[in-house]
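The values are calculated or read from the model by the stated rules, or taken from the named source; none is laboratory data. All of these numbers come straight from a predicted model, not from anything done at the bench. Every residue, glycine as well, gets a Cβ built from its backbone with ideal geometry; the counts of neighbours run over all protein chains shown.
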Amino acid sequence: MDVHPPLAKLLITLFGWLAGFNGDFDFKEIGKDYLEPGVPYVAMRLFPAICGILLVPTMFLTLKAAGCRTFTAALGAGSIIFGLCDR
Amino acid sequence: MIATAFTALAFTSFSNQHELGPSRAFDPSWWFWLVMTGLGLGMTVSIKWVGLFTIAWVGSLTLVQLWVLLGDYKHVTIRTFSKHFMARVFCLIVIPLAFYMAMFGIHFLILQNPGEGDGFMSSEFQSTLNSKGMQDVPADVLMGSRVSIRHVNTQGGYLHSHPLMYPTGSKQQQITLYPHKDENNIWLLENQTQPLDIHGQPINGTSAWFNLPDLPYIENGAILRLYHQPTHRRLHSHDVRPPVTEADWQNEVSAYGYEGFDGDANDFFRVEIVKKKSKSGVAQERLRTIDTKFRLVHIMTGCVLFSHKVKLPDWASEQQEVTCAKGGTLPNSLWYVESNEHPQLGDGAEKVNYANPGFFGKFWELQKVMWKTNAGLTDSHAWDSRPQSWPILQRGINFWGKEHRQIYLIGNPIVWWSATAAVVIYILFKGLAVLRWQRSCNDYSNVVFKRFDYEIGTSVLGWALHYFPFYLMQRQLFLHHYFPALYFAIMAFCQIYDFATARVPGIGIKENPIINRVGAISFLVLSTVAFGLLSPLAYGNPWTKTECNRVKLFSTWDWDCNTFLDNYDAYSSLPSTPAVAQTPQQSINTQPAPPVNPPVVEAPQAQVPIVEGEPAVSGAPPPAGQQILSREERVEYRDQNGNLLNEEQVKALEGKVEFKTRYETRTRVVDADGNEIQAPDGDAAPVAPPHPDVEGKHDCLLNIS
């Protein structure tokens, strides 16, 4: 049973569909082999990756909007790059 | 995350617009950012309920803004204030809510088919799904009707019996709740006495009610026998403790009798219609399909047919327990008829079906189920953590490990601890500021001081609202739940840095922008180095034991350095494919049974597991006169050629190869003297049909009837 509202899964589904994923793979456990069943995993991971990347300019713009200097804003953006992107 | 961040951006921009003063309110860009904030909130909350914390953040700051506006009576009339107020209500409440509901609308639109989670939803909800919906059923339930009876309060399913005995208590045939449609859910409703024919002689047999001149309605208070046609036994109860719930106030319910047996007084149940739970009108007077909710009172003992969320052990395939309770709660004692069939109710008879709950009904029900399920995720997990360990980055999460590499989620300690320090600094500052304010030191007349308090306060509030609510949650939590809070903490850190290096006058740093730049760059270099050191964990790259131990500053950072090899060269010499997979087999065998009279057959599973979407089928009960004597489960390890491996061999292979699970069922037939009988054609004995997905789904066998 899914405990989250549906938007995230809808977006993932949308990207999976765009990437040509046919729904045959069940993503049951971490570390299952993607290559053999031909899961277009690069394209599908691209979506969360883009979201993660967008965090960086968003932080920059937010800090600029809050009246910080450009270098301070760059500091925040850089912290996002090297601080959060462990996933 | 991105949605929260986007909301933060939109709201900060809106605040800027807002702070341009009342004269600039309601400009296009003012509206733009307000609407964007609303959309951002809608997106955030539609992704995860943590979005509610973001809403709380925007909401509380909006209240502050409105409060200030209200006090500004020189520029803001009551009329303008109402306009401000309504604009915010519309953009920050109506837009997110509409967005949220629209997402569920799309969700329902796309997901029309039944799936694994259906069991959580009500019957009305399920009947809106393709292939789960059912044909209209005759409305009136008559004596002689073949019905399925469903439990109202739990999603345990239908009153069910199958040819397996209780190993405890009376040792009579089991009664359970079974969640899927099945022939074994069908009960024939008989009157307490057989009907009389025109000569005044009783008509015998279970089909006696099929052809009476008057339709034999079942009125409130009627006394019934419930005949289970597939096994020719009747629903029965007696003063014997139930198998799991051994309470004094609960009696066992069983199926008792044989074909042609007239039954006994312990088979009598009285129908008591619960009027306030039934649809008004005729459904409150006599038994009607779906619309009537009723209790079944056992005449001899006065107890009431009851079920609750208690699972029977393996011997009943973990189906739900049914008992007869004295003083059980009303909701758990309520039943209704779902399917109904009678020879005298043909096509022309009045029909009913589930009421369609409509979008709002479904939406609301789903919200409640989500809430309950979320609160129910309290099992501890190997990598869970509590909120107090997050700000200090005490522990990460292990995602994956294979071939001497692993992926482990850990934050960048430099960034992480700086962010936490920023929050601490602000809290100390605020404490001091409040004290000085109490002493009327008049710090707030200083613009920089005031802005510092407000701006950093905004971010720290965001951090707090995305952090402290987790303390209230009992469910399992992970480090990644801290990410939104961390985002705000990083903001606070940068703002403090900006104030310190670019805004506080008189300490000589503001005038020297070089210091700001050099500071920022050196911080980034530092965190890049820290990231570089930990990056093998993020990307699953090769690493060495020594380097791993070197950066493992705390023992609570519990990734395992021993999985890495001693040097990088060793990685290139690893075989490119893992060793051949060995196959452990899990098989169920019977032991030779003790001698009994009829030949004995082992029927490993009386019924077949269910494949999604397909109607449930009961496996054949063991052939007449045969009974299951015993069953046995054991795990065997075999290699790819099917050779049995002993324990030492298995141990030696552990971690080096992959194991796959395969289920296998074997049946052994023995005769009266306990000698094994060679089944004709090798395996003519009723072997359970193979599980639809035999490999790797150990957890998913819960649906076995």
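For residue B:566, the conditions (1) loosely packed, with under 12 Cβ neighbours inside 10 Å; (2) within 20 Å of residue A:56 (Cβ to Cβ); (3) charged (D, E, K, R) are fulfilled apart from (2). When residues in region B:467-521 are screened for being buried (at least 17 other Cβ atoms within 10 Å of the Cβ) and away from chain A (no Cβ under 11 Å), 6 of them pass. For residue B:87, indicate whether it is surrounded by 11 or more Cβ atoms within 10 Å (Cβ to Cβ), of a type in the set (Gly, Ala, Ser) and within 14 Å of another protein chain (Cβ to nearest Cβ). Judged against the criteria, residue B:87 is not a match.
Scan region B:522-546 for residues that are of a type in the set (Val, Ile, Thr) and at the interface with chain A (Cβ under 8 Å from one of its Cβ atoms) and jot them down. Show your work before the answer.
Taking region B:522-546 first, the residues of a type in the set (Val, Ile, Thr) are B:525, B:528-529, B:544, B:546.
Passing the criteria: only B:528.
Does any residue in region A:55-70 that is at the interface with chain B (Cβ under 7 Å from one of its Cβ atoms) come within less than 8 Å, Cβ to Cβ, of a residue that is among the charged types (D, E, K, R) six or more places away or on a different chain, and which pairs are these? Here the result reads A:63/B:498; A:66/B:455; A:68/B:498; A:69/B:498, each pair linking region A:55-70 to a residue that is among the charged types (D, E, K, R). When the residues of region B:322-381 are narrowed to those that are out of contact with any Pro (no Cβ under 9 Å at 6 or more places or on another chain) and of a type in the set (Ser, Thr, Tyr), which ends up surrounded by the fewest Cβ atoms within 10 Å (Cβ to Cβ)? Filtering first and then ranking leaves B:380. Hey, among the residues in region B:300-311 that are surrounded by fewer than 20 Cβ atoms within 10 Å (Cβ to Cβ) and in a loop (DSSP other than H, G, I, E, B), which one's farthest from the chain's Cα centre (by Cα)? The selected residue is B:300. Taking the criterion of being assigned to a strand (DSSP E or B) and polar (S, T, N, Q), would at least one residue in region B:259-266 satisfy it? Among the residues of region B:259-266, not one is assigned to a strand (DSSP E or B) and polar (S, T, N, Q), which makes the answer no. Based on this model, can you work out whether residue B:242 counts as touching a helix residue (DSSP H, G or I) at 6+ places or on another chain (Cβ under 9 Å), modelled with pLDDT under 90, assigned to a loop (DSSP other than H, G, I, E, B) and under 22 Å from residue B:158 (Cα atoms)? Taking the combined requirement at face value, the residue does not satisfy it.
Being touching a helix residue (DSSP H, G or I) at 6+ places or on another chain (Cβ under 8 Å), modelled with pLDDT of 85 or more and more than 14 Å from chain A (Cβ to nearest Cβ) is the requirement here; does residue B:321 meet it? Please lay out each step first, then the result.
Numbers: touching a helix residue (DSSP H, G or I) at 6+ places or on another chain (Cβ under 8 Å): no; modelled with pLDDT of 85 or more: yes; more than 14 Å from chain A (Cβ to nearest Cβ): yes.
Taking the combined requirement at face value, the residue does not satisfy it.
Taking residue B:526 as the residue in question, decide whether it is out of contact with any Ser or Thr (no Cβ under 9 Å at 6 or more places or on another chain), farther than 23 Å from residue B:497 by Cβ and assigned by TED's automatic domain parsing to the domain that holds residue B:497. In short, no.
Listed by first and then second residue, the pairs linking a residue in region B:239-250 that is surrounded by fewer than 15 Cβ atoms within 10 Å (Cβ to Cβ) to a residue that is among the small types (Gly, Ala, Ser), with Cβ atoms under 7 Å apart and 6 or more places separating them unless they lie on different chains, are B:249/B:325; B:249/B:327.
A single entry from B:266, B:251, B:332 fulfils the requirement of being farther than 17 Å from residue B:156 by Cα and touching a Phe, Trp or Tyr at 6+ places or on another chain (Cβ under 8 Å): B:266.
For the subset of region B:534-554 comprising residues that are among the hydrophobic types (A, V, I, L, M, F, W, C) and closer than 14 Å to residue B:409 by Cα, which member is surrounded by the fewest Cβ atoms within 10 Å (Cβ to Cβ)? If you could, list the steps in order and put the result at the bottom.
We begin by selecting, within region B:534-554, every residue among the hydrophobic types (A, V, I, L, M, F, W, C); these are B:534, B:537-538, B:543, B:548, B:551, B:553-554.
Imposing the further condition that a residue be closer than 14 Å to residue B:409 by Cα reduces the set to B:534, B:537-538.
Working: B:534: 23, B:537: 23, B:538: 16.
Result: B:538.
Quick grid of which residues meet (1) surrounded by 20 or more Cβ atoms within 10 Å (Cβ to Cβ); (2) assigned by TED's automatic domain parsing to the domain that holds residue B:532; (3) of a type in the set (D, E, K, R):
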{"position": "B:413", "(1), (2), (3)": "yes, yes, no"}
{"position": "B:416", "(1), (2), (3)": "yes, yes, no"}
{"position": "B:419", "(1), (2), (3)": "yes, yes, no"}
{"position": "B:424", "(1), (2), (3)": "no, yes, no"}
{"position": "B:428", "(1), (2), (3)": "no, yes, no"}
{"position": "B:437", "(1), (2), (3)": "no, yes, no"}
{"position": "B:450", "(1), (2), (3)": "no, yes, yes"}
{"position": "B:455", "(1), (2), (3)": "yes, yes, yes"}
